[in-house]
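Trainee: Take a look at this one; I'll ask things after.
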Amino acid sequence: MPDSTLTVQLERSRSAPPLIDQLASQIRGAIEDGELPASARLPSTRALARQLGVSRTVTSEAYATLLAEGYLESRRGSGTFVVERAVAAPALDPRAESTSRWLQHPAAPADVDPPSDPRVPFRICEPDADSFPDSAWRTAARAAINEAVEEGYPPPEGDADLRQKIATFLLQERGLTVAPDELMVTSGTAQSLDLIARATLRPGDLVGFEDPGYRLARQIFTDRGGVIVPVPVDACGAVPEALMDRGGDAAPMVVYLTPSHQFPLGSALSFRRRQALLDWAGRRDVLVIEDDYDSEFRFDGPVLPPLRTSSSRESVVYLGTFSKSLSPRLRLGYVIAPAPLRETLLRLKVRSDQGTHWLSQRILARYLGGGGFTRHLRRMRRLYRRRRDVLVQSLGPLPAGASWSGLAAGLHATLLLPPELPADELAAAAEREGVVVASVADYQLSRPAQNGLVIGYGASPEDQIKAAGRVLRDVIETRSFR
């Protein structure tokens, strides 16, 4: 069946709505007006992105919205089609009435990056899979397998030995003093955030959230009924005045931050802002969620202290993960929460999964205890620093008004651009040449969005970074000389 003809006109001015919203709105209107009849097949997200001259992220997000609303359906191996009778069902407001009495909380599609394509570098926040410490991991696995299997379900707080090893690591690497009993092991940051949202939020509660920020975290909060309060970000991290200036009952219930390496801009929360925000949170009884997702990889300057090392630790819940330092396939993370919240999280975790998989925990505990993890981190810091330098060199001298952000740490950097170099158009042009980069606007709620490209370098060999960097440089130069 040939694809249906789809006529779309996108407005690209800085005051226009987000491209994702424009595209979803026009497709929705075409379906309601009968321009796209029932069972009509839509172009693929890649073909439509090429047709419109936009990033594939724009078309994928728009289709995901319409799939969740009930206008479209995806047929495995066939494509995306208009449903027989398109009836909109709200996807993001868990308080809204659904089409079925029992489906009161329809979840939005998971906002995660598509499966890795080894031909396309610049994947964001992915570690280098080829550098996984296979030999040391196998040694730890053999030791764990030879241990006796204990009775019953694993403890919801996590394996005692693993929690001890994590506490030792945090003291050595992050300067964070924590007792093993304060730690709770989870199946990664997504589960940690979901448990916290379930424990703290009621429908309509406000959530302070960095803008731009981590989309999956934002989805988790909105799926649980939270209402996002955007917190702008600049070169000194999140701007706390955006929250502190809200009076009366307008203070959020929780605030989500990535203070050591803001995602996606890469800035670090300044000392003055840290103190101001924590003082305010303590006075207003606001819970601060500190997502410390990649602080193991700081290249320039000392490791930044976590917010939880301050005197306001009872206002902070700290999230850690092994997805960036080892592999996202491990699905292991941890939470350090104030005592009352920790007890609630434990009860919720029992209901969710009866405890994280015991063998994975035992293997990780053996690996951490052998000293291999510290050596692995030192090796990976050197590797990622080289890849960062190759990325910067491959793009060469930047055009006037452009600058790098977030080079001091992590697995990605952000290239901030002047207005005459629209990031969305550059991302679309680069994708046509086989290189995928994201626009800062893909992560931002407020408009106009900051103008920049988010470039992941952790998962790509140096030769791929050089080649992709040259492509991106040519795309930027071509646009600059128009």
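Trainee: Determine the shape class of the stretch 342-419: with a ≥ b ≥ c the square roots of the Cα gyration tensor eigenvalues, call it rounded for a/c under 1.5, and otherwise prolate if a/b is greater than b/c, oblate otherwise.
Mentor: It is oblate, given that a/c is not under 1.5 and a/b is not larger than b/c.
Trainee: Using just the C-alpha positions of the chain as equal point scatterers, what log10 of I(q)/I(0) does the Debye formula give at each q in 0.06, 0.10, 0.12 1/Å?
Mentor: Summing over Cα pairs of the chain leads to -0.28, -0.82, -1.18.
Trainee: Continuing with this model, one more query. State, to one decimal in nm, how far the label point of ARG202 lies from the label point of ALA250, with both points 7 Å from Cα in the Cβ direction.
Mentor: 2.2 nm
Trainee: Something else now. In the chain, once you exclude exposed chymotrypsin sites (Phe, Trp or Tyr not before Pro) (DSSP loop, at most 10 other Cβ within 10 angstrom), what's the longest stretch remaining?
Mentor: Longest gap between qualifying sites, sites excluded: 103-480.
Trainee: So how far, in whole Å, is the C-alpha centre of the stretch 160-175 from the one of the stretch 448-480?
Mentor: One Cα centre to the other: 37 Å.
Trainee: Roughly speaking, what is the centre-to-centre gap between the stretch 424-446 and the stretch 40-55 when only Cα atoms are used, to the nearest Å?
Mentor: With the stretch 424-446 and the stretch 40-55 each reduced to a Cα centre, they are spaced 14 Å.
Trainee: Given a Förster distance of 35 angstrom, what is the FRET efficiency for ALA400 paired with ASP21, based on the Cβ-Cβ distance and rounded to 0.05?
Mentor: About 0.65, to the nearest 0.05.
Trainee: Shifting gears a bit: For the stretch 1-35, which trypsin sites (Lys or Arg not before Pro) pass both filters: DSSP loop (anything but H, G, I, E, B) and at most 11 other C-beta atoms within 10 Å?
Mentor: Listed in order of number, the matching sites are ARG14.
Trainee: Could you sort 336-343, 262-269, 412-419 so that the peptide with the highest average Cβ count within 10 Å comes first and the rest follow in order?
Mentor: 262-269, 412-419, 336-343
Trainee: Between VAL83 and SER270, what is 0.36 nm times their sequence separation minus the Cα-Cα distance? Round to one decimal in nm.
Mentor: 62.3 nm
Trainee: So for the chain, taking the charge dipole from beta-carbon charges (+1 Lys/Arg, -1 Asp/Glu), which of ILE196, PRO338, ALA281 sits furthest toward the positive end?
Mentor: PRO338
Trainee: Cα to Cα, under 21 Å, and not fewer than 8 places away if on the same chain: which lysines meet these conditions relative to LYS324?
Mentor: LYS165
Trainee: Quick one: what are the phi-derived ³J(HN,Hα) couplings along the stretch 149-155, Karplus 6.51/-1.76/1.60 with θ = phi - 60°, whole Hz, x for glycine and proline?
Mentor: Each residue of the stretch 149-155 in turn: 7, 7, 6, x, 6, x, x Hz.
Trainee: Which value in nm describes the separation of the simple spin-label points at GLU433 and ALA47, placed 7 Å from the Cα toward the beta carbon?
Mentor: Reported label-point gap for GLU433 and ALA47 is 2.6 nm.
Trainee: On the protein heavy atoms, probe 1.4 angstrom, tell me the percent of accessible surface of the chain carried by carbon and sulfur.
Mentor: That share works out to 52 percent.
Trainee: Can you find, among SER352, PHE297, ALA400, the residue farthest towards the positive end of the dipole of the chain? Put +1 on the C-beta of Lys and Arg, -1 on that of Asp and Glu.
Mentor: Farthest towards the positive end: PHE297.
Trainee: Sticking with this structure for a sec: Filter the GluC sites (Glu not before Pro) in the stretch 404-467 down to the DSSP loop ones having no more than 13 other Cβ atoms within 10 Å, then list what survives.
Mentor: GLU420, GLU433
The values are calculated or read from the model by the stated rules, or taken from the named source; none is laboratory data. The structure displayed is predicted, hence computed values, not measured ones. Ideal geometry is used to build each Cβ from the backbone, glycine not excepted, and the neighbour counts take in all protein chains shown. To get the accessible areas, we keep the full protein, side chains included, count just its heavy atoms, and leave off ligands, DNA and RNA. Shrake-Rupley method; radii C 1.70, N 1.55, O 1.52, S 1.80 Å.
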